[in-house]
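Values quoted throughout were computed directly from the atomic coordinates according to the rules given, and no laboratory measurement underlies them. Since the structure is predicted, the reported quantities are computational estimates derived from the model, not experimental observations. Virtual Cβ from ideal backbone geometry, glycine too; neighbours counted across all protein chains shown.
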């Protein structure tokens, strides 16, 4: 019996198997990296949205605190200008002293202004400006009559890439909404802000209450007038007759001293002769 010799089979992978394995490995690695990239992008988007939401909330809280703490003698001035594509506004609060540190120095701002600044991109920046002196017309510094506009000593960008930013104020006497305000000696009852950030940003509408407060200058003036009237009343009271006073005299009958209309002294007592 003749036995056929057995052929030894080579162990390993064929070229086709290697190509298929490498292709599957590339697909799996691509799927892993794609999932990781998508997760990172989603995480960055969530973090960015949260940061923007916190920034917007801080901005609204800043406005709410500022409007609710306005003193009674605050000069409130709102000017709106139509620039064809946007409404540009300047909201000025004067007689609201703010003390803070800027550039390593203690500074006091007598007027602050929230302005909309148009950018080349077509969006708006909301800028908070601090002025060391009063800037409204009719102020003691009288900058309104000067040809040179006052310059702020500090500027802070509060919001960027704003699509639109519009103010409205409610007159507490007429209960009508207005787009500007230049009434001296009186504050609006409410302030409404409508805005949107970014090209696809959702519209945000916020209303701020301005608690009515008395002007301390008016109170002092009324007290001074009432004090003057009270002094005049006291002086006028002296013109009434005074009660009869009996003054005894030595060795004689006592004379009756009857008051005269002006508060004069009574007559003297009789003398013994």
To the nearest whole percent, what portion of all C-alpha pairs in segment 60-217 is separated by more than 26 angstrom? 28
Packing-ranked peptide list from 51-62, 25-36, 166-177, 85-96, highest mean Cβ count within 10 angstrom first, is 85-96, 166-177, 51-62, 25-36
